[in-house]
Each structure stands twice: as C-alpha cells, then as structure tokens.
Amino acid sequence: MSPMKQTVASAALMASLVSAAPAAWGAPQGSAGGFPTARPSWGGQGGFPNFPNPTDAAGFSSLSSANSALFSSIVAGASSVASAATSAPTVTKFGPDSQIAWSQVPTETGYPVRSIQVTGPTSHGPYSGTPTTTGALMSGPTAASIPALPLNPTATYYNANGKLTKPEPAPYTPAGGLGTNGTLPRYQVESDFDFESIALGLYQEWIELDLFHNGIAVFSEQDFLDAGLSAEDRSYIEFMADQESGHATLLSNMLGQAAPPQCTYDYPFKTVREYVDFNQRLTRWGESGVWGFINHLDSREVAQLLAQSIATEARQQMSFRQMTGLFPMPVWFETGIPQSWSWTYLAPYISSCPANTTRLAWQNFPTLHIVNNANPNRFSPNDTANFEVTGRRIADPAISTIPANESCLNTDVVGYSCKPAISRNRSEPLSFAGKKVLLQWEAPGLAVGPNNSYVTATSANGTDRYAMWVSQLNATYTPITLTGNNTGYTFQPNGSVYGDGNDPIVNGTMFLAVTDSDLYVTPFNLSMINPHVVALGMYMAG
C-alpha cells in the first residue's frame, strides 16, 4: 500500500470512530444573528441515529460492515481503496522547469461539521435580559472540598538500571500503559468529570470559531494593513476559524446530544491590534485549560483526540503572539490550569446562549484587575498608565489607541518595534523581577456568563492575602500588602524553573490569583487551591 492511500483509509476509519453525530446532524439552524436558536434534531433510536448505544460496553462494536472491513484491511496492510487509483500516471507542469508525476485518486468525503461557516458580521453585544436560572450546575456535593491525601501506595515503580522488570505482553511492547491491551477504543466521555470538562472545552471552541471569523468580517483590509497584517495573514486567521469548526464537531461528537451549541458573544476590542491581543489571551487560557484536566479524564480515548486538537490551539496562540509583535514562545513549559479557572476567564465574553443549553458545573471566581498591567502596544511598556485596557473584564486587551509617538507599531528600531514578525525581542521588557504590581479585585456575587445566569463565588475565608503566580511548572506565592478594601500590591518574584535564570518562572501571558493561603500545589493537583482562591486575573509578563 502506498503511504498516501493508507493515509486516506486511516482517515476514513478515524472519522467513522469519532462521529457520534452522523450526517443527520447537519448544521444547526441559525437565528438572524447567525447563531443557533435550538439544539439540532438528533432523531433515531435513543437519540443517536446510526450510532452505537453510548452505554454499550463494547463501544463501537456496531460499526458498519464497510468500516469493519476497512479496519481489517488496514490491519492486514491492504487498503480497500488501493485499486481505485488505477489511471496511468501522466505529467503536468506546476512551474518553470518543474515536473511531477500524478495520478487520479478518489475523493473521500468527511463527516459533516457541526457549525455554521459565518462569512459576515454576526450579532454581538452584552446581554440585557433577565436570567431564568442562576448558578453553576450542582448535584449535592458530599464535601466542602477534596481532602489532601498521602502518596498513592501503589506508586512505587522505579527503574534503577533501565532493564525490563516484567515480561512483555507482545514483541516490542513493554509491560504497562493504559489502553494498550487491544480493547477497541470508545471515543465518548466516561464520567460526569469527563462530560463537564469536554463541555467546557466545547464552549471554548465555539467562541474561537466565532471570534476568528468575526475579526475578518468587521475589520477592513486596510485596517489589517494598518496593523501590519497582510491578506495572507487574514487568510491564516480564517483558516484558524475553519480549524475550530473541526474541533467543535469533534468535541460535540464525543459528548452526544447534550453537547452545548454555539452562543452569542460580547467582545472587548475596537481595533485590529486589540483583536489579535485578545486572541492571544483567549487562546492562552483555552490551551492551558485543557492541559490542566486532560490527564485526569476517565476516557483515555477522548484524551487522545483532545490532545490532537489542543496541539493546534497551541500553534494558534503562538501565531497571535507573533501578530501582536511579542516573542512567540518565551517559556520552556506551557501551563495547565483548572477548569474553574478556564471558565472564569471565558464566561464574561459569552453574552447569551439558546434556551435549554447545557449548563456547566464549574466555579466562576471574582475578577482580579492588574491595575498596571503592561501595554504591549507601547515601545516603553513601563510607561503604561493604570487601567490601560479596553474595559474591566478579566482578560480585556490593552488599548492600542495611544499617541503615535508612543506606539511600538510605528518604529522599526530593533528591540522596540512590535510590528508583526516571526519573533521580536524587547529591549525594555513588559515586566521584570521586582516590579511593583498593583492589584484590585471584585467582591463575589456578580452576575456573569451566558444570559448573566452564573454568579461569581469564592469559598476563601482566611484573612491572609497572597499573590499566586502560575506559570510553566510552578505556583509561586508573594505576600500582598493591603492598601484598602480589596486592593493592594505585591512584587514580581525572581526565580527560574531550572538553571541560573535562562527560564524565568514569570514570563509570557500567564495567570495570577489572589489567595488566602500559600498552599503547596503542583501541576497535577493545582485545583486543590480552588477553595482558597479569592480572585483571578491574567498577567502580561512578556
């Protein structure tokens, strides 16, 4: 089998395995604003037409005979489509002095996407109605928090000499691993934790799908050119929106008929510079939100496909940093954050959702404002004024409408320019160790999120206040000096993940929390700090 033909067959197999919503799904019906007004019709027995019962222990045991045959042919190394491309090779030209052989190959149609490919402006703005329900989804919590436990007593493996310690179950297959015993994969969520995590991820994919399209629709070609972005850059952003249609479809399929639909949104930007800045912030928490829960999922199959989608989001985040004129990846490790953190960052930008949209169980924390957060549009970021942002929501971008002679977009001087580029170094950094950081945080109890139907809350009841800097592999605390009710300041810490300063802990677009405890946590159990979180914010460190 040729590599190309095997890829076609494998792609068809993967599509058949992950497609919980078949062709009957189609695109949701849109409202005048271009957003779905109701969940699409599912029909069929049990609500999953042409799809195996989601409780079937065998998962996808009822695959069609055609797909089963395809699976068998791939295992055997002989593709059922290999004979389809039988026409004799011919020659065509693609450019001067360039020739390449080609052959007619069959077209494999993919499964339909669950999205609306928006090509023009859509309805946006704040919600002005009255919510019919409020608060996060709950089901009688059995405890106030998860208790801290000692090390798992079975976590004892250590290999001192690098030799195999147990017989291999098959050649070239060391003993151990999860999902390696030959069981047919089942690409569906397996617990409430899985469902709520993937549903949160789907809310994120929907806003990215709309957001990337929206910027192309509302800003002119000249607006982009003025921000240093060409027609090719706009095409790139449009392609990122198309990627999100695939991501939204994938997550919807793994959830089933209760998958949340697309909503309407309220964005905080008025210029292209503010648009790409908001995009790099939104994709930062979107990516980090998945890294925070992916290894806790009960379904390893779902985690596998989710990882393959979030790897794309990581590239999007880096690309938007490049469009903002920032250093593309200033850290050695990317951060993972808990689901309630991700939902706290996302919810303020969702205006409303259709009736009966699946609600989430995650917490919405109060907003932390970094009063003197650096403005990446300035060639001298340390001249940033207080609240130099477009609004007072948790991740609003920095204003770009500053005087022309203060903008880094209007200079080509190396070390000071922030014109879009593959990479930029800043002679004057956005932040630095020892910087005095001014903080102000909201009280709990504010309406937020879709239809203003969620309420910010905190269970922190201690009197101490710490700034928790969450970046890379670290959670670093610094004391907060209180200057008033819900206001204070702290100083940016100075430390490295490894080595002597080549990888400072505080860098990039990162997360900052106010807590009432300096509880020791690690990347795998960061959510243990949630009961102590007073407020959350986003810090522009570099």
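The values are calculated or read from the model by the stated rules, or taken from the named source; none is laboratory data. Predicted model, so just to flag it, every value in this text is computed and none were measured. Glycine also receives a Cβ, built like all others from the backbone with ideal geometry; neighbour counts cover every protein chain displayed. These accessible areas exclude ligands, DNA and RNA; they are computed on the full protein's heavy atoms, side chains included. Shrake-Rupley method; radii C 1.70, N 1.55, O 1.52, S 1.80 Å.
Set the Förster radius R0 to 25 Å, insert the Cβ-Cβ distance between Asp192 and Phe524 as r into 1/(1 + (r/R0)^6), and round the FRET efficiency to 0.05.
0.80
Mind checking which aspartates and glutamates have their C-alpha under 16 Å from Lys435, skipping anything on the same chain fewer than 8 residues away?
Cross-link targets: Asp383.
Using alpha carbon centroids, what distance separates region 146-210 and region 349-414, in Å?
36 Å
For a label point 7 angstrom out from the Cα of Ala231 toward its Cβ, which stretches of region 196-222 have the backbone nitrogen within less than 12 Å?
Residues 221-222 fall inside that zone.
Would you work out the relative contact order for region 324-387, in percent, from Cα pairs under 8 angstrom that are 6 or more residues apart?
The value is 29 percent.
Pull up all non-local amide H partners of Gly495: gap of 5 or more, or a different chain, and H-to-H distance under 5 Å with H placed in the peptide plane.
Ile505, Val506
Taking amide H positions as placed in the peptide plane 1.01 Å from N, state which residues far from Gly542 in sequence (5 or more) or on other chains have amide H under 5 Å from it.
Long-range HN contacts for Gly542: Gly508, Thr509.
Please report how far the C-alpha centroid of region 474-504 lies from that of region 228-262, rounded to the nearest whole angstrom.
With region 474-504 and region 228-262 each reduced to a Cα centre, they are spaced 36 Å.
Go through region 309-323 residue by residue and turn each phi into a ³J(HN,Hα) via Karplus (6.51, -1.76, 1.60, θ = phi - 60°); whole Hz please, and just put x for glycine and proline.
With coefficients 6.51, -1.76 and 1.60, one gets 8, 6, 4, 5, 4, 4, 5, 4, 4, 5, 5, 5, 5, 5, 5 Hz.
State the extension gain, in nm to one decimal, for the chain segment bounded by Arg393 and Glu168, taking 0.36 nm per residue of separation less the distance between their alpha-carbons.
Length gained, Arg393 through Glu168: 75.6 nm.
Report the one residue of Val448, Ala467, Ala395 whose Cα lies farthest in the direction of the positive end of the charge dipole of region 369-467 (charges on C-beta: Lys and Arg +1, Asp and Glu -1; origin at the Cα centre).
Ala467
Between Ala155 and Glu428, what's the calculated FRET efficiency when r is the beta-carbon distance and R0 is 51 Å? Round to 0.05.
0.65
Would you mind computing, in nm to one decimal, how far apart the modelled labels at Thr481 and Val497 are, each placed 7 Å from Cα along Cα→Cβ?
For Thr481 paired with Val497, the spin-label model returns 3.1 nm.
Heavy atoms only, probe 1.4 Å: what % of the accessible area of region 425-483 goes to carbon and sulfur, would you let me know?
Heavy-atom surface of region 425-483 belonging to carbon and sulfur, 1.4 Å probe: 51 percent.
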